[in-house]
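Q: First the structure, then my questions, so here it is.
The values are calculated or read from the model by the stated rules, or taken from the named source; none is laboratory data. In this text, all values refer to a predicted model and were calculated from it rather than measured experimentally. All Cβ positions, even for glycine, are placed from backbone atoms using ideal geometry, and neighbour counts span all protein chains on display. These area figures cover heavy atoms from the full protein model, side chains too; ligands, DNA and RNA do not enter into them. Shrake-Rupley method; radii C 1.70, N 1.55, O 1.52, S 1.80 Å.
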Amino acid sequence: MTISEALNNRRCMRAFKQDPIPREVLIKVLKDAAQSPSWANSQPWEVFVAEGETLQRIKAAYADCYAKAVKAEPELSRPVEWTDAAKKRQKGLYPDMVRDCGDAAQQFGVLNQRMFDAPAVVFLCKDKILNHWSVFDLGAYSQSLMLSALENGLGSIVAVTLVNYPEVLRKELNVPDNLQLIVGIALGYTDENNAINNFNSARSPLEENVTFCQ
Ligand SMILES: Cc1cc2nc3c(=O)[nH]c(=O)nc-3n(C[C@H](O)[C@H](O)[C@H](O)COP(=O)(O)O)c2cc1C
């Protein structure tokens, strides 16, 4: 698989099989991700991997929060404003999912709430004193991790819903007070039988985002 093939074939998977991920595969993926660039090689990512009973407890606590309609409060606040261009692209997301996945698209919300039934979730944190440049570095780390996952036979999804209830994660993962929870990445073997994984999100033509200046 070339890098270009990986970039073009990686898509977020939203339903996983229950099979656990061998520890050596997880370690390979995490080592690959650690090769990501960062400001002055600061490597600001602090990573917590939830599996097994710990992840089961997190999923159960999240289910309880959703059942009680507890307000989701990720520690990195959600965006407040979008450009018209971004709004237009976002509007196309769900119709395109219905086009590709049919009725399975209706599971979008519930699968988010169930953490996509993933056997492993990687939570990315940074120290609270670090600013948005370190979030930038975590973005690079996320993409590296997901591309390595793909090469190692795993599906992945980066999702803010995974960090909807930081207090649950802080308790179960013993996240130190100095850290801010930024995002989660669910990993697992893709459930090919769930049509929600057929979603192939579109990209804008280059002219929309790129300006050549000669
Ligand atoms: C920071 C970030 C947060 C995201 N949060 C969610 C989420 O909460 N739930 C979800 O289903 N997808 C989430 N996504 C996945 C995006 O919807 C997805 O990346 C986008 O639609 C492009 O599709 P693709 O990744 O399959 O190419 C998130 C992606 C990013 C980068």
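Q: Around Val183, which amide H atoms from residues at least 5 apart in sequence, or from another chain, sit under 5 Å from its own amide H, with H modelled in the peptide plane?
A: Leu124
Q: Follow-up. Suppose each label sits 7 Å from its Cα in the direction of the beta carbon; what would the Asp64-Asp19 distance come out to in nanometres?
A: It is 3.3 nm.
Q: Normalised by the residues of segment 1-125, what does the relative contact order come to in percent, with Cα pairs under 8 Å and at least six apart? Write out the running numbers ahead of the final one.
A: Working: 65 pairs, mean separation 72.0, N = 125.
Relative contact order for segment 1-125 comes out at 58 percent.
Q: With unit charges on the beta carbon (Lys/Arg positive, Asp/Glu negative), name the residue among Gly153, Ala195, Trp133 whose Cα is farthest towards the positive pole of the charge dipole of segment 70-214.
A: The Cα lying farthest towards the positive end belongs to Trp133.
Q: Per-residue HN-Hα couplings for segment 158-167, Karplus 6.51 cos²θ - 1.76 cosθ + 1.60 at θ = phi - 60°, whole Hz, x for Gly and Pro?
A: Running phi through 6.51 cos²θ - 1.76 cosθ + 1.60 with θ = phi - 60° gives 8, 8, 5, 4, 5, 10, 4, 10, x, 4 Hz.
Q: If you don't mind, there's one more thing I want to ask. Please give the residues of segment 169-188, grouped as numeric ranges, whose backbone N is less than 20 Å from a label point set 7 Å along the Cα-to-Cβ vector of Lys71.
A: 169-170, 181-182
Q: May I pose another question? Test of understanding: what is the full-extension gain from Glu167 to Asp84, defined as 0.36 nm times their sequence separation minus their Cα-Cα distance?
A: Numbers: separation 83, 0.36 × 83 = 29.88 nm, distance 3.41 nm.
Value of the extension gain: 26.5 nm.
Q: Using helices alone, I'd like the mean residue ellipticity at 222 nm for the chain: each DSSP H run of four-plus residues gives -39500 (n - 2.57), total over residue count, nearest 500. Display every interim value, and only then the final one.
A: Values: 8 runs with 90 residues, N = 214.
Taken over the chain, the calculation gives -13000 deg cm²/dmol.
Q: Expressed as a rounded percentage, what relative contact order does the chain have, with Cα pairs under 8 Å and six or more residues apart?
A: Values: 317 pairs, mean separation 84.7, N = 214.
It comes to 40 percent, rounded to a whole number.
Q: For the chain, which longest stretch is free of loop sites, where a loop site is one of the GluC sites (Glu not before Pro) that DSSP puts outside H, G, I, E and B and that has at most 12 other Cβ atoms within 10 Å? Let's see the in-between values first.
A: Values: sites that count: Glu81, Glu192.
Formally, the longest exposed-site-free interval is 82-191.
Q: What's the carbon and sulfur percent of segment 61-190's accessible surface, probe 1.4 angstrom, rounded to a whole number?
A: On the way: 3810 of 6610 Å².
That share works out to 58 percent.
Q: Additional query: What is segment 164-214 by shape, rounded, prolate or oblate, if you read a ≥ b ≥ c off the alpha carbon gyration tensor as root eigenvalues and call it rounded for a/c under 1.5, prolate for a/b larger than b/c, and oblate otherwise? Don't skip to the answer; put the middle values down first.
A: Working: a/c = 4.28, a/b = 1.47, b/c = 2.91.
Note, shape of segment 164-214 comes out oblate.
Q: Let me ask something else. Run the dipole for segment 86-214 about the Cα centre, Lys and Arg Cβ at +1, Asp and Glu Cβ at -1, nothing else charged, and hand back the magnitude in debye, nearest 20. Walk me through the numbers before you get to the answer.
A: Values: 11 positive and 14 negative charges, 87 e Å.
Computed about the Cα centre, the dipole is about 420 debye.
Q: Find the accessible area per residue for segment 7-76; the probe is 1.4 Å, ligands and nucleic acids are left out, and the unit is Å².
A: Working: 4330 Å² over 70 residues.
About 62 Å² of surface per residue is accessible.
Q: Leaving out ligands and nucleic acids, and using a 1.4 Å probe, what accessible area per residue does segment 87-132 come to in Å²?
A: Value for segment 87-132: 56 Å² per residue.
Q: By the gyration tensor of its Cα atoms, with a ≥ b ≥ c the square roots of the eigenvalues, what is the shape of segment 78-214: rounded for a/c under 1.5, prolate for a/b over b/c, or oblate? Can you show the working numbers first?
A: On the way: a/c = 1.67, a/b = 1.13, b/c = 1.47.
Here segment 78-214 falls in the oblate category.
Q: Can you flag which of Lys126/Lys171; Lys88/Lys126; Lys31/Lys59; Lys28/Lys128; Lys59/Lys87; Lys68/Lys126 are past 20 Å Cα-Cα? Walk me through the numbers on the way to the answer.
A: Working: Lys126/Lys171 17 Å; Lys88/Lys126 31 Å; Lys31/Lys59 26 Å; Lys28/Lys128 28 Å; Lys59/Lys87 31 Å; Lys68/Lys126 29 Å.
In this structure, Lys88/Lys126; Lys31/Lys59; Lys28/Lys128; Lys59/Lys87; Lys68/Lys126 lie more than 20 Å apart at Cα.
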